[in-house]
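The next block holds one structure in the form of structure tokens; read it before the comments.
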Amino acid sequence: MAERRDRAGEQRYDATPYLPDRGGLPAYREAAAACEGCPLHEHATRTVFGSGEASARLVLAGEQPGDQEDRQGQPFVGPAGGVLRRALEEAGLDLADAYLTNAVKHFKFTSAGPGKRRIHKPPSLREMTACRPWLTAELRLVDPEVIVALGATAAKSLFGPSFRVTKERGALFPTGEGAGDGDGSRARALATIHPSAVLRSEDREAVYRGFVSDLRVAAAALR
Ligand code: URA
Ligand code: SF4
């Protein structure tokens, strides 16, 4: 890992030294595979970079890969991904027109030992901050019309630490993100819950309905 220290002398976590200085999504994907910008790469299997086309009009960002994503190297291929795919379809959004990614690109987990189930652990603010340059680069390269943050981690990474999903979900707002060089962005953004919240909820149907209804706002914005 690149040895950088902040003012307090703590080792700084930062993906920046691993970013290529030119190229499109494939170049970034390849470089991200070798990222050691924070300690999460040490125990995870692989970097899970975003998937989708650079021409996508919609970017959906989750928190970080889970167990299945870590094994398969693709975002949202596990249980939360199942909910997301179903909800997107129901909201009238075309998955082929979406770029799926995460705020943090390596799986973080605890495990009781080898062969035991790996339990997802939320990323720390330091890890989120370290990984953010990859997400920023993806937004610049895809330059979407609509950005959807799935859950609090993605929303805080995209819109700032004081963003509250519970208060502000489902509403479209303009953002400085997504424009080629940062000026005159055309992207609008919206935050909603994380699809895994549906799976954890006691009232799955109601929570799922709310999720679909937020996604419908994004779908309407793309029409
Ligand atoms: N949860 C996420 O936030 N992202 C994934 O890719 C999978 C599960
Ligand atoms: Fe790099 Fe992000 Fe992985 Fe940390 S989580 S090693 S910053 S890609």
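Residues are listed down the side, and each one gets a yes or a no for (1) more than 27 Å from E42 (Cβ to Cβ); (2) of a type outside the set (S, T, N, Q):
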| residue | (1), (2) |
| --- | --- |
| E138 | no, yes |
| G151 | no, yes |
| S157 | no, no |
| Y208 | yes, yes |
| A218 | yes, yes |
| R223 | yes, yes |
Failed criterion for E90 (all others in (1) away from ligand 1 (no atom under 14 Å from the Cβ); (2) among the charged types (D, E, K, R); (3) touching a strand residue (DSSP E or B) at 6+ places or on another chain (Cβ under 8 Å) hold): (3)
Give segment 99-119 a look and list any residue that's away from ligand 1 (no atom under 14 Å from the Cβ) and either of a type in the set (A, V, I, L, M) or within 15 Å of G78 (Cβ to Cβ) (or both), or say none. A112, R117
Quick check on R186: is it under 27 Å from A44 (Cα atoms) and either assigned to a loop (DSSP other than H, G, I, E, B) or open to solvent by 40 Å² or more (accessible area, probe 1.4 Å) (or both)? no
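Each row is one residue, and each column tells you yes or no for (1) over 23 Å from Y13 (Cβ atoms); (2) within 12 Å of ligand 2 (Cβ to nearest atom); (3) in contact with a Ser or Thr (Cβ under 7 Å, 6 or more places away or on another chain); (4) open to solvent by 10 Å² or more (accessible area, probe 1.4 Å).
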{"position": "F109", "(1), (2), (3), (4)": "no, no, no, yes"}
{"position": "I119", "(1), (2), (3), (4)": "no, no, yes, yes"}
{"position": "W134", "(1), (2), (3), (4)": "no, yes, no, no"}
{"position": "P144", "(1), (2), (3), (4)": "yes, no, no, no"}
{"position": "V148", "(1), (2), (3), (4)": "yes, no, yes, no"}
{"position": "K156", "(1), (2), (3), (4)": "no, no, no, yes"}
Reported set for segment 120-155 where residues are over 18 Å from A98 (Cβ atoms), within 13 Å of ligand 1 (Cβ to nearest atom), modelled with pLDDT of 95 or more and outside any loop (DSSP other than H, G, I, E, B) is M128, C131, A152, T153
Contact list please: Cβ distance under 8 Å, first residue in segment 31-42 and more than 16 Å from ligand 1 (Cβ to nearest atom) and of a type in the set (D, E, K, R), second residue at pLDDT 95 or above and assigned to a helix (DSSP H, G or I), pairs at least six apart or on different chains. E36/Y18
Residues that are within 8 Å of ligand 1 (Cβ to nearest atom) and without any contact (Cβ under 8 Å) to a residue 24 or more places away in the chain, drawn from segment 45-72: Q68
Quick one: what pairs do we get from segment 73-91, first residue at negative phi, second within 16 Å of ligand 2 (Cβ to nearest atom) and acidic (D, E), C-beta under 7 Å, 6+ apart or different chains? P75/E69; V77/E69; G78/D67; G78/E69
For segment 24-104, list the helices (runs of 4 or more DSSP H) that sit wholly inside it and hold at least 1 residues that are surrounded by 17 or more Cβ atoms within 10 Å (Cβ to Cβ) and within 9 Å of ligand 2 (Cβ to nearest atom); which are they? 25-32
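The values are calculated or read from the model by the stated rules, or taken from the named source; none is laboratory data. This is a predicted model, so every value here is computed, not measured. Cβ coordinates were reconstructed from backbone atoms using ideal geometry, including for glycine residues, and neighbour counts include every protein chain displayed. These accessible areas exclude ligands, DNA and RNA; they are computed on the full protein's heavy atoms, side chains included. Shrake-Rupley method; radii C 1.70, N 1.55, O 1.52, S 1.80 Å.
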